[in-house]
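Peer 1: One structure follows; several queries about it will come next.
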Ligand SMILES: [Ca+2]
């Protein structure tokens, strides 16, 4: 049961492709500090993604508001292979209780008005649509996003690259955002021993996650980067991270620079990105929570 001081949070996710969204949701479901009020899905088959969310939530007997958000993008140039591929994990039948995209704006408006935090771990289409509908950002919850890369010049990170226009709009809005860049996910990749902990988990949630991981690794056997859960761990365990503060912007015009994330240091800037993480402690924290 959530404790009295639990924070009301929304998760916006493209769960169903990579492994890390599932670990992020699993972690959130097992954190008494968080009350998962709403989950919105984004990018391509948002109803299929919602079915996966529902299956994992059912395993924990948690019933958040579930909204299948926007499947299209604001960008005219999302990654061709990402928009055409099938999800690597299929939860099965359609979700039983899921609202459609016509409810997405209202769900995000509620979170912006009343919640403590929003975790954005997919392309930023839903968030940008919310800003189009309601540009006033005077009141925003904390926003933590998995997005961007700042250590390698010229690297266009996946979530940004799949909706460059949406991401540019989100950063230009000027409200505070904490970013987990690509490098942090690679630093927290699960090794074979850590994957074995999930495979051997005996809880209902652990079994769903192990099934997801097994299906995923049939397609991509070597991938286990933990990009998305680090947004949640940064919220709960900020002492495990080092941050760089300033202004982030997204390049939208150049043919070869389209989707690059740019950063300018400024102690008064609204954005900060994690430049380092205590990877061992972060991963142990995540697995302890998920498997307990
Ligand atoms: Ca994701």
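Peer 1: How many of the residues in the range 1-18 are at pLDDT 95 or above, surrounded by 18 or more Cβ atoms within 10 Å (Cβ to Cβ) and either on the phi > 0 side of the Ramachandran plot or assigned to a loop (DSSP other than H, G, I, E, B) (or both)?
Peer 2: Number satisfying all stated conditions: 2.
Peer 1: Let me ask you something else. Please work out which one of (1) touching a residue at least 40 places away in the same chain (Cβ under 8 Å); (2) in a helix (DSSP H, G or I); (3) within 14 Å of the ligand (Cβ to nearest atom) is the condition residue 47 fails and give its number.
Peer 2: (3)
Peer 1: Determine which single condition residue 82 fails, assuming it passes every other condition in (1) part of a helix (DSSP H, G or I); (2) within 17 Å of residue 13 (Cα to Cα); (3) away from the ligand (no atom under 16 Å from the Cβ).
Peer 2: Condition not satisfied by residue 82: (3).
Peer 1: Still on this structure, I have one more. Look at residue 144 and say whether it is more than 22 Å from residue 85 (Cβ to Cβ), modelled with pLDDT of 95 or more and in contact with a strand residue (DSSP E or B) (Cβ under 7 Å, 6 or more places away or on another chain).
Peer 2: Yes; evaluated as a whole, the condition is true for this residue.
Peer 1: Going residue by residue through the range 92-109, is there one that turns out to be surrounded by fewer than 21 Cβ atoms within 10 Å (Cβ to Cβ) and either in contact (Cβ under 8 Å) with a residue 60 or more places away in the chain or closer than 22 Å to residue 246 by Cβ (or both)?
Peer 2: No.
Peer 1: Which residue pairs have Cβ atoms under 6 Å apart, sit 6 or more places apart or on different chains, and have a first residue in the range 149-163 that is within 15 Å of residue 187 (Cβ to Cβ) and a second that is within 13 Å of the ligand (Cβ to nearest atom) and not in a loop (DSSP other than H, G, I, E, B)?
Peer 2: 149/182; 157/182
Peer 1: Can you tell me which of (1) surrounded by fewer than 23 Cβ atoms within 10 Å (Cβ to Cβ); (2) touching a helix residue (DSSP H, G or I) at 6+ places or on another chain (Cβ under 9 Å); (3) farther than 21 Å from residue 247 by Cα is the one residue 155 doesn't meet?
Peer 2: (3)
Peer 1: Any idea which of 135, 141 is under 23 Å from residue 250 (Cα atoms) and surrounded by 15 or more Cβ atoms within 10 Å (Cβ to Cβ)?
Peer 2: Every option except 141 fails the conditions.
The values are calculated or read from the model by the stated rules, or taken from the named source; none is laboratory data. A quick note: this is a predicted structure, and the numbers were derived from the prediction, not measured. FYI the Cβ positions are ideal-geometry reconstructions off the backbone, even for glycines, and counts take in every protein chain you see.
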